[in-house]
Structure formats: C-alpha cells, structure tokens
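Quick notes on the structure that follows.
Computed from the coordinates by the stated procedures, all read-outs in this text should not be read as laboratory data. Remember, it's a predicted structure, so these values are computed and weren't measured experimentally. Neighbour counts run over all protein chains shown; Cβ positions are idealised from the backbone, glycine included.
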Amino acid sequence: MARGPAKRTVAIVLDTTKLAERDLIVTLLAEDGTLECAVAKGARKGGSRFGAACELYRISDVLLAPGRNLSVMADARLVEGSPILPRDFEVLSACAAIAECVKAASVEGEGEGVVFSLTARALEILAQPLDLAHLKLIVSAFAFKLTAMLGWRVELDFCVGCGSADVRWFDAMSGGALCSDCAAKVEAAELLGDHRRSWIRALLLCPLAELARAPVAPDDAAWMAHLALAWTRAQLEVGLKSFAFFANLSSQAIG
Ligand SMILES: [Zn+2]
C-alpha cells in the first residue's frame, strides 16, 4: 500500500524486522485478510508511542499512511483483549509457524476476512497454558483449516487417484487418501488407519477451543504436526522453515 488513502484497520503483527537504529518494518495481517507492510518509526526506542502495539503476535488497531515505498504506521494501539502470549519458547515457535503459514498463503492485494478470524482465534488459544502436544494439535488444525479456507480441502473418503472408497493410505502431494493400488505408485504414501483419519477430520472440523481440551497422545500430535507440515508445503509450494522447526520440537530436547 505505497499510495492511495490512509487505512485504519485492526491487524495482527505477524513479523517484525529491524530497520536502522530505532525503527521496525512490521508485517501485519489486516482484518480484511490482506497482508500489509509498514514502517513503525521509533518503535524500538524506549517509551515509543506505539508501546506494545507493534510487538509480535499482538492485535492492534493501526492507522497506515501511504509512504514512498512502504506504508508508514501513523498510529497503533493494542486492541482490548489482545492475547498476551507467554514468553515461552514452545509457544513462540508455534506462533512463528502460524505466522509463516499466513504469510505463505497470502496473495498480494487479496485477502479473506476468515483468515484474520482464524489467526486471531489461534493466537487466543495459544495464549492459554498448553503442553507441547496440544500446541502441535492447534498448529496442525490451523494449517488444515487455513488451507481448506483457501480452497485446498483434504480428501479423506475417496481415493484421489481413482475415486475408490477403499482408502488406506495418505499422500499430501496427491491431495489426500489413496487406495492400495494408487498408493503403490506413490513413494511417500503413508498408512492411514481409522484412528489417524478421524484425527485429520477432527483437525478440520472441530473448533480450536475444543481441540485445546481434547485428550491427545504426544505421538499422535507429533505425527499430525508432520502431516500438516507436508500438507501445507504441498499446497502452498513453499518450504516453511519455522513450521518444520516447530514440528521437530520434542519435549525431551527442551526439558
Ligand atoms: Zn485409487
């Protein structure tokens, strides 16, 4: 948004990059689902007028003025009830994975308001105390829900190769479930039992708040995070480094 009128919007801070001594370039997900980049002048100096409104993963009411190249943050205030995320390595890694998916899924100048709502909801849930398995569950559900909203819905009931209802395999690149004949032609296909299939369905259909309370085995959560990563990579055709880092986190490695 280099030219045009000023824009006031509620937005989520997805990324920040240091600029010069005191400034920040802030990447925002606006309420209409578009991605905006703006320079927040003086945001890194103590007592900045922006306060915490330009901090990562905060939800703020911002006024963006057109600038020469990037927009300029003319005003930013925290929205009441903006989630306060614990300064916890696992939680921040989960948030980074989510922010990365949103950025990778965004097309310049286009947006869907539902993407903002889903992201805001996910951050709200991640601000609650959750163990690593539940963090993985939320990020996996976020990835499947986000891609479904953008038109990539995972097929679980019929083989994506031939339409057969006898599906026992899964391949992210192919778009979902596969029958044994079709899976034999796909090197990366993995077994999809009823248990795993019902988990993928839950990630797509259950509200995030419900998943945050659902009993889940750490092994299942780890498997889902890897599957969600493979699925999102295949649909968005990007590497997703932060998501991969998060999917590989294990409790033992941290504790
Ligand atoms: Zn088939």
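Quick one: angle between helix 89-105 and the longest Cα principal axis of the chain, in degrees between 0 and 90, rounded to 10, please.
That works out to roughly 90 degrees.
Using θ = phi - 60° and the Karplus relation 6.51 cos²θ - 1.76 cosθ + 1.60, list the HN-Hα couplings for the range 158-173 in order, rounded to whole Hz, with x at every Gly or Pro.
10, 5, 6, x, 9, x, 4, 8, 8, 9, 10, 10, 9, 9, 4, 4
What are the principal axis extents of the Cα atoms in the range 126-218, in Å, biggest first?
Taking max minus min along each principal axis of the Cα atoms, the range 126-218 gives 44, 28, 20 Å.
Hey, what number do you get for the chain at 222 nm if only DSSP H runs of n ≥ 4 count, each worth -39500 (n - 2.57), divided across all residues, to the nearest 500?
-12000 deg cm²/dmol
Work out from phi, with θ = phi - 60° and the Karplus expression 6.51 cos²θ - 1.76 cosθ + 1.60, the ³J(HN,Hα) of each residue of the range 197-212, listed in order in whole Hz, and give x for Gly and Pro.
So the Karplus estimates, Gly and Pro as x, are 4, 5, 5, 4, 4, 5, 4, 6, 9, 7, x, 4, 5, 5, 5, 5 Hz.
Any idea what diffusion coefficient the range 27-122 gets from Stokes-Einstein, in µm²/s, Kirkwood Rh on alpha carbon pairs, 20 °C, 1.002 mPa s?
On the way: Rh = 14.2 Å.
Taking Rh from Cα pairs, D becomes 151 µm²/s.
In cubic angstrom, how much convex hull volume per residue do the alpha carbon atoms of the chain span?
Working: hull volume 34.7 nm³, N = 255.
Convex hull volume per residue, Cα atoms: 136 Å³.
Residue 251 to residue 213: extension gain in nm, 0.36 nm per residue of separation minus the Cα-Cα distance?
Values: separation 38, 0.36 × 38 = 13.68 nm, distance 1.90 nm.
That pair, residue 251 and residue 213, stretches by 11.8 nm at full extension.
Using the count of nearby Cβ atoms within 10 Å as a rough guide to exposure, how do 142, 116 rank from fewest to most? Write down the numbers at each step before the final one.
Values: 142 27, 116 22.
By the 10 Å Cβ count, ascending, the order reads 116, 142.
Taking every Cα atom in the range 7-78, find the radius of gyration and the maximum pairwise distance Dmax, and write them in Å.
Gyration radius and largest Cα-Cα distance of the range 7-78: 10.6, 32 Å.
For 232, 9, what's the fewest-to-most ordering of other Cβ within 10 Å of each Cβ?
The fewest-first ordering by Cβ neighbours comes to 9, 232.
As an exercise, identify the GluC sites (Glu not before Pro) in the range 104-199 lying in DSSP coil whose Cβ has no more than 14 other Cβ atoms within 10 Å.
Those that pass, being in a loop and sparsely packed, are 108, 110, 187.
What is the gain in length, in nm to one decimal, between residue 244 and residue 181 on full extension, counting 0.36 nm per residue of separation less the C-alpha to C-alpha distance?
19.7 nm is the gain from fully extending residue 244 to residue 181.
If I fit a long axis through the Cα atoms of helix 218-236 and take the longest principal axis of the Cα atoms of the chain, what angle between them do I get, 0 to 90°, rounded to 10?
Helix 218-236 and the main axis of the chain meet at about 70 degrees.
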